[in-house]
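Some notes on the structure that comes next.
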Amino acid sequence: MLNPEDKKQQQVLDRYREAAAEFQTGNVPPTMTGYWLLKKNQASAERTWADLGIALAWLTKQYEASPPFEREDGLQAYSGLDIKLEYASDVLPRGVDVSWVYYMPSKNLISFSVVCCPNRFHPQIPCPLPPS
């Protein structure tokens, strides 16, 4: 018979295994961008690119469709699109993911990312889809 401490440890281990199994198909975002590659059901061919220009165009489209809020005092709250694109152009070819997160005028938080595959920091995770 398990003592109470062993039983509690077993319950924690069982819950961890259950959560790990649910992660790939659930809607909980990953703690690291590279772990998006584990969510195979969220991969789509129309959002899988081998061309840097297409990835940058997608980032630009998302940004322009949902721009960040502007401060009332006229100061800039976030880096501008040009700076964001310059950074993305530099790091994406080197396998570094890009995430843009900011508040919109509605005060809602938006987040979108381009995740590299193979991933520089998670090379053991296979690509969910071949690039289109």
Please indicate, with yes or no, whether at least one residue in the stretch 88-97 is outside any helix (DSSP H, G or I), in contact with a Lys or Arg (Cβ under 7 Å, 6 or more places away or on another chain) and under 24 Å from P30 (Cα atoms).
yes
From the set of residues in the stretch 30-41 that are in contact (Cβ under 8 Å) with a residue 40 or more places away in the chain and either outside any helix (DSSP H, G or I) or within 12 Å of the chain's Cα centre (by Cα) (or both), which is surrounded by the fewest Cβ atoms within 10 Å (Cβ to Cβ)?
M32
Have a look at E72, E46, E22 and point out the one that is exposed (fewer than 10 other Cβ atoms within 10 Å of the Cβ), free of Cβ contacts under 8 Å to residues at least 12 places away in the same chain and among the charged types (D, E, K, R).
E72
Pairs, please: C-beta under 6 Å, at least 6 apart or cross-chain, first residue of a type in the set (S, T, N, Q) and in the stretch 84-102, second open to solvent by less than 80 Å² (accessible area, probe 1.4 Å) and in a helix (DSSP H, G or I)?
S99/T33
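The values are calculated or read from the model by the stated rules, or taken from the named source; none is laboratory data. Bear in mind the structure is a predicted one, so any value in this text is a computation, not a measurement. Ideal geometry is used to build each Cβ from the backbone, glycine not excepted, and the neighbour counts take in all protein chains shown. We work out accessible area using only protein heavy atoms, side chains counted, and drop any ligands, DNA or RNA first. Shrake-Rupley method; radii C 1.70, N 1.55, O 1.52, S 1.80 Å.
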